1. About the Cα centre of the chain, what is the dipole size in debye to 20, counting +1 per Lys and Arg Cβ and -1 per Asp and Glu Cβ, all else neutral?
2. Among Ala185, Ala72, Gly198, which residue has its Cα furthest toward the positive end of the charge dipole of the stretch 62-220, with +1 on Lys/Arg Cβ and -1 on Asp/Glu Cβ?
3. Dipole magnitude of the stretch 45-106 about its Cα centre, charges +1 at Lys/Arg Cβ and -1 at Asp/Glu Cβ only, in debye to the nearest 20?
4. Just to confirm my numbers, what's the Cα centroid distance between the stretch 149-189 and the stretch 70-137 in Å?
5. For the stretch 213-371, just say rounded, prolate or oblate: build the C-alpha gyration tensor, square-root its eigenvalues into a ≥ b ≥ c, call rounded for a/c under 1.5, and beyond that prolate if a/b exceeds b/c, oblate if not.
6. Cut-off under 12 Å on the C-alpha distance; same-chain residues fewer than 8 positions from Lys267 excluded. Which aspartates and glutamates are left, in chain and number order?
7. Indicate the gyration tensor shape class of the stretch 184-269 (rounded, prolate or oblate), computed on the Cα atoms with a ≥ b ≥ c the square roots of the eigenvalues: a/c under 1.5 is rounded; otherwise a/b larger than b/c is prolate and the rest oblate.
8. Multiply the residue gap between Glu220 and Asp254 by 0.36 nm, knock off their C-alpha separation, and tell me the result in nm, one decimal place.
Amino acid sequence: MTNAPDLPIHLSPLTEVHRDLGARLIEFGGWLMPVQYGSIIEEHRTVRERVGLFDLSHMGELYVEGPDAGPALAAALVSDPASMAIGRAQYSMICAPNGGVIDDLIVYRLAEARYLVVANAANAATVSDALAERLEGFKAVLDDRSLATGLLAVQGPLASAVLGPLTDVDLGSLRYYASAEGTVAGLTALVARTGYTGEDGFEVFVETTHTEALWDALIEPVRAAGGGPIGLGARDTLRLEAGMPLYGNELDLDTNPFEAGLGRVVKLTKPGDFVGRMALEKVARDGPARRLVGLVVEGRGIARHGHPVWIGDRRTGVVTSGTQSPTLGVPIAMAYVAPGDAEPGTVVDVEIRDARVPARTVALPFYRRDA
């Protein structure tokens with residue numbers, strides 16, 4: 001049954017395709033998107049065991065181009081895009097002056113002076129505005145092509161087998177966090193070995209007008225491999241098992257990268273200043289006020305976003321995301337706790353429906369494909 005909210009801001013170019021497939025549609029980040037086509041658990045297992053096809057057309061695509069594109073992005077973001085080789089990508093963040101995270105991003109270097117910045121749907125306009133402001137004074141221009149770009153993801157152990165016969169990109173030589181321009185099913189595309197599931201897989205960028213043709217070309221071989229379409233519900237449980245943060249849960253303006261365990265993204269050794277440098281240098285020097293940890297719940301109940309975390313009578317933190325892990329068969333969660341309580345193996349209690357439920361901290365991720 002389709003549950004369509006009132007007045008979504010944007011429709012995916014595949015909205016009618018999703019409806020025809022019986023998807024349950026919800027508003028997400030200002031877009032009407034499929035949360036599930038059937039069972040979230042079965043969709044999750046499909047990606048872990050075989051292959052799934054995702055519509056990610058709600059993501060923001062921002063192109064930065066010009067002689068100063070690299071230095072401009074280095075000044076705007078916490079990472080150093082100018083240090084990347086052409087064809088590579090990096091996980092990054094755009095931060096406020098106080099070090100809080102405005103959004104987490106993936107940055108692709110497409111050419112010597114051309115980059116693609118991919119932002120989360122709910123933050124795409126905010127990131128676009130912030131980048132436009134931060135590029136002032138540099139010989140670089142921003143082209144926000146979010147509404148002109150369609151994005152599909154093929155994720156799972158069989159992703160290469162499904163996509164390989166349809167593309168002229170050499171997937172075997174395409175490294176993780178790398179991209180190449182070519183064709184998929186005869187359509188001009190950018191193919192990236194990136195994803196948000198903890199599995200091998202690819203993200204394929206095309207013009208919005210070609211999104212449905214790309215979906216039609218991919219869904220048949222995906223189904224032939226035992227896979228199917230996957231909604232945002234399974235995407236969330238997959239990323240949680242893989243220990244990947246979700247903006248609005250693990251990341252926000254009140255959280256800095258070091259608290260989230262992502263200090264490696266912050267390149268304090270790069271030349272020049274960048275927005276948030278002073279605040280982040282202080283956190284790097286003094287240590288974060290809290291730390292993100294994994295929790296395995298050992299009692300009955302599912303830890304959910306906002307549930308308090310206790311050690312004895314002392315509240316040490318709060319749950320940011322939680323679910324019953326389809327892969328591991330136990331309740332898992334991510335939570336922020338005091339630094340002294342972040343050591344793996346620490347026993348805590350999660351407050352679930354006014355009851356204290358025991359849990360223990362573990363190192364992230366919960367699931368690793370090569371483990």
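The values are calculated or read from the model by the stated rules, or taken from the named source; none is laboratory data. Quick caveat, the model's predicted, so the values are computed rather than measured. Positions of Cβ are backbone-derived with ideal geometry, glycine not excepted, and every protein chain shown enters the neighbour counts. Please note that ligands, DNA and RNA were not included when accessible areas were found on the heavy atoms of the full protein model with its side chains. Shrake-Rupley method; radii C 1.70, N 1.55, O 1.52, S 1.80 Å.
1. Working: 33 positive and 47 negative charges, 225 e Å.
It comes to approximately 1080 debye.
2. Final value for the positive-end residue is Ala72.
3. The calculated dipole for the stretch 45-106 is roughly 360 debye.
4. Each part's Cα centre sits 23 Å from the other's.
5. It comes out oblate by the Cα gyration axes.
6. Excluding near neighbours in sequence, the set is Asp80, Glu281.
7. prolate
8. Taking 0.36 nm per residue and subtracting the Cα distance, the gain is 7.9 nm.
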